1. Residue 162 - would you say it is touching a residue at least 40 places away in the same chain (Cβ under 8 Å), surrounded by fewer than 20 Cβ atoms within 10 Å (Cβ to Cβ) and of a type outside the set (Phe, Trp, Tyr)?
2. Run down 128, 109 and say which single residue is over 21 Å from residue 173 (Cβ atoms), polar (S, T, N, Q), modelled with pLDDT of 95 or more and open to solvent by 10 Å² or more (accessible area, probe 1.4 Å).
3. Kindly indicate whether residue 62 is crowded, with 22+ Cβ neighbours inside 10 Å and more than 18 Å from the chain's Cα centre (by Cα).
4. Can you list residue pairs whose Cβ atoms sit under 6 Å apart, with the first residue in the range 96-115 being in contact (Cβ under 8 Å) with a residue 40 or more places away in the chain and the second being in a loop (DSSP other than H, G, I, E, B) and of a type in the set (Lys, Arg)? Count only pairs 6 or more apart in sequence or on different chains.
5. Out of the residues in the range 171-209 that are among the hydrophobic types (A, V, I, L, M, F, W, C), touching a helix residue (DSSP H, G or I) at 6+ places or on another chain (Cβ under 6 Å) and part of a helix (DSSP H, G or I), state the one that is farthest from residue 17 (Cα to Cα).
6. Anything in the range 171-191 that is open to solvent by 40 Å² or more (accessible area, probe 1.4 Å), aliphatic (A, V, I, L, M) and within 18 Å of residue 148 (Cα to Cα)? List them, or say none.
7. For the structure I just gave you, tell me whether residue 168 is assigned to a helix (DSSP H, G or I), in contact (Cβ under 8 Å) with a residue 12 or more places away in the chain and in contact with a His (Cβ under 6 Å, 6 or more places away or on another chain).
8. Considering only the range 134-159, how many residues are in contact with a Ser or Thr (Cβ under 9 Å, 6 or more places away or on another chain), in a helix (DSSP H, G or I) and crowded, with 17+ Cβ neighbours inside 10 Å?
Amino acid sequence: MKPIIVTGTDTGIGKTIVSAGLVQALGASYWKPVQSGLEEETDSEIVARLAGGPVLPEAVRLKLPASPHISAEAEGARIDHAALSLPETSRPLVVEGAGGLMVPLDDETTFLDLFARWGAPVVLVARTVLGTINHSLLSLSALRACGVPVAGVIFSGEAAPRVERTIAEMGDVAHLGRLGRLDPLTPETLRSGFESIDMAAIRAAMEAA
């Protein structure tokens, strides 16, 4: 079974919450290859708190909360993207990217380049607010142009059936469900919220890749 990669149309749209839900539902391990920003709770720490599954150490940890290539420059470093390989695990693996697909690791390489090299299926997290159709369809087009298998889209936010249907139909992609606002956000509410997510389709994508 291939890992599942979680990416998004933008930053701050719920990728980490979706990742935690997948870790719960799959009994998976979690890996964030590159973490930019260490002052607040990191994505790995959030997933550990919400999902309780094994969390693998980040390959790159950078202090500045910015695009990884800028964060690395601030520390006088350069990210060795060639050394970023999917870890071997005894469980299914959930991998979370940073920001969107075109976030740079250096001046020539983006997360999309990594995903294309890894060849694992991707779940795209998309908001349901104004602008999401454009961002989502562009992201899906970029993934397919690079030969990255797409498991489907998980929507984040209030229900917007017409918007969601447009993205699924025009993007020729599976609608995997929608995760609404979880308040409070706890392991229990996350598990309940994920009952609407099509985990069978996600497992099938991981097995077929």
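1. Working: touching a residue at least 40 places away in the same chain (Cβ under 8 Å): no; surrounded by fewer than 20 Cβ atoms within 10 Å (Cβ to Cβ): yes; of a type outside the set (Phe, Trp, Tyr): yes.
No; evaluated as a whole, the condition is false for this residue.
2. Details: 128 fails: over 21 Å from residue 173 (Cβ atoms).
From the options 128, 109, the qualifying one is 109.
3. On the way: crowded, with 22+ Cβ neighbours inside 10 Å: yes; more than 18 Å from the chain's Cα centre (by Cα): yes.
It is true that residue 62 is crowded, with 22+ Cβ neighbours inside 10 Å and more than 18 Å from the chain's Cα centre (by Cα).
4. 96/32
5. Result: 199.
6. Result: 174, single match.
7. On the way: assigned to a helix (DSSP H, G or I): yes; in contact (Cβ under 8 Å) with a residue 12 or more places away in the chain: yes; in contact with a His (Cβ under 6 Å, 6 or more places away or on another chain): yes.
The answer is yes for residue 168.
8. 5
The values are calculated or read from the model by the stated rules, or taken from the named source; none is laboratory data. The shown structure was predicted, so the numbers you read here are calculated from the model rather than taken from an experiment. Neighbour counts are summed over all protein chains in view; Cβ atoms, including those assigned to glycine, are modelled from backbone coordinates with ideal geometry. Ligands, DNA and RNA are stripped out before the accessible areas are found, and what is left, the full protein with its side chains, is counted by its heavy atoms. Shrake-Rupley method; radii C 1.70, N 1.55, O 1.52, S 1.80 Å.
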